Amino acid sequence: MNDQPKIHAAPAVQPPFPEPGVPQIRNINWAGTWALYAKEVRRFLKVQLQTVWAPAITTLMFLVIFIVALGGSGRTVLLRGEAVPFADFIAPGLIIMGMINACFANASFALMVGKVQGTLVDYLMPPIGVGELLFALVASSVTRAMFVGFALWLAMALWPGVHVTPAHMWAVAWFGLLGTSFIAFLGVLTSIWAEKFDHGAAITNFVIGPLALLSGTFYSIDRLPPVFQAISHANPFFYIISGFRYGFVAAADTNVVVGSSVLLGLNLILGGLCYTLLKRGWKIKA
């Protein structure tokens, strides 16, 4: 019999770095997130005449109608007792309204068109996490909104009698980011739920449009009866437009701290809901 003691081989030591040429993703896939973001941005820039300039020109028509056709250049609007020229009052509301519409159109299109055309696998197969997918979709929608907002701001800055020089740049940036992020989450949620283009159009026509138009874009809610003032305060679009307008005219229909808190809370709620639904694959995975 062999009485020699058995010698056990030492376990193989894993190298601290992957083998040359073998990619390894740790924590966040920055390359994949950037690739998806760039792909979505290129998608709407390829047809920028439709996605950027057309919405900007359409929204600019509202300014022409209210200032030129209806003779609103000499009127003023009272915001918390402060008289603001009507042209300066309406211009920021039109800018953020155009940004809202463009942001929702972009966010509600990506996953929905994947379902319709059968290309949804292009979003599900790449090695990116749910959070990275959601971030890329939201960030690209916010980017499109910024393009539209800048185009509108530039056109209104060149329009005689309209002053759109920001009084509080932090408010313009903060409420612009919070507002478009909220709309982008709402668009992604619609894109997850919708199964055809009619569903997305229904949300645009019966939810986004009415909420944007009835949020104080063209009027101050101080002139409304108390019941309708309460309804306006229940409209999240009201806080977006009021806070964004504050950045230009240094006056708002409501407290900007309250509006900021409401929008921040809504972003967290909708962001968590979108993440949960994407994680579960609701209406996305078989």
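The values are calculated or read from the model by the stated rules, or taken from the named source; none is laboratory data. Note that the coordinates shown come from a computational prediction; the quantities given were computed from them, not determined experimentally. As a convention, Cβ positions derive from the backbone with ideal geometry for all residues, glycine included, and neighbour counts pool all protein chains shown.
Can Val172 be described as among the aliphatic types (A, V, I, L, M), under 22 Å from Gly243 (Cβ atoms) and in contact with a strand residue (DSSP E or B) (Cβ under 9 Å, 6 or more places away or on another chain)?
On the way: among the aliphatic types (A, V, I, L, M): yes; under 22 Å from Gly243 (Cβ atoms): yes; in contact with a strand residue (DSSP E or B) (Cβ under 9 Å, 6 or more places away or on another chain): no.
So Val172 does not fit the description; no.
Given the residues Ile90, Ile7, Ile25, which is the only one that is modelled with pLDDT under 65 and β-branched (Val, Ile, Thr)?
Values: Ile90 fails: modelled with pLDDT under 65; Ile25 fails: modelled with pLDDT under 65.
Going through Ile90, Ile7, Ile25 in turn, the sole match is Ile7.
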Count, please, the residues in region 193-214 that happen to be outside any helix (DSSP H, G or I) and touching a residue at least 40 places away in the same chain (Cβ under 8 Å). 3
Note on Trp282: of the conditions (1) farther than 25 Å from Phe150 by Cα; (2) part of a helix (DSSP H, G or I); (3) of a type in the set (Phe, Trp, Tyr); (4) touching a helix residue (DSSP H, G or I) at 6+ places or on another chain (Cβ under 9 Å), unmet is (2)
In region 143-155, which residue that is aliphatic (A, V, I, L, M) and under 16 Å from the mean Cα position of the chain (by Cα) is surrounded by the most Cβ atoms within 10 Å (Cβ to Cβ)? Ala145
Conditions: (1) within 30 Å of Tyr123 (Cα to Cα); (2) in contact with a His (Cβ under 6 Å, 6 or more places away or on another chain). Gly247 meets all but one. Number of the miss? (1)
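Report, by residue number, each residue of region 156-179 that is outside any loop (DSSP other than H, G, I, E, B) and surrounded by 17 or more Cβ atoms within 10 Å (Cβ to Cβ). It would help to see each step written out before you state the result.
Filtering region 156-179 down to residues outside any loop (DSSP other than H, G, I, E, B) leaves 156-157, 169-179.
Listed by number, the residues that qualify are Met156, Ala171, Val172, Trp174, Phe175, Gly176, Leu178, Gly179.
If you take the residues in region 120-142 that are among the aliphatic types (A, V, I, L, M) and outside any helix (DSSP H, G or I), which one is farthest from the chain's Cα centre (by Cα)? Give the derivation first.
In the first step, residues of region 120-142 are kept if they are among the aliphatic types (A, V, I, L, M); the result is 120-121, 124-125, 128, 130, 133-134, 136-139, 142.
Applying the additional criterion that residues be outside any helix (DSSP H, G or I) yields 120, 125, 128.
On the way: Leu120: 21, Met125: 25, Ile128: 21 Å.
Restricting to residues being among the aliphatic types (A, V, I, L, M) and outside any helix (DSSP H, G or I), the top hit is Met125.
Does Thr180 count as among the hydroxyl-bearing types (Ser, Thr, Tyr), closer than 21 Å to Ala38 by Cβ and in contact (Cβ under 8 Å) with a residue 40 or more places away in the chain? Can you show your working first?
Values: among the hydroxyl-bearing types (Ser, Thr, Tyr): yes; closer than 21 Å to Ala38 by Cβ: yes; in contact (Cβ under 8 Å) with a residue 40 or more places away in the chain: yes.
Taking the combined requirement at face value, the residue satisfies it.
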Could you identify the single residue in Leu152, Leu124 that is touching a helix residue (DSSP H, G or I) at 6+ places or on another chain (Cβ under 7 Å) and in contact (Cβ under 8 Å) with a residue 12 or more places away in the chain? Leu152
Is there any pair linking a residue in region 78-103 that is touching a residue at least 24 places away in the same chain (Cβ under 8 Å) to one that is assigned to a helix (DSSP H, G or I) and acidic (Asp, Glu), with Cβ under 7 Å and at least six apart or on different chains, and which? Leu78/Asp222
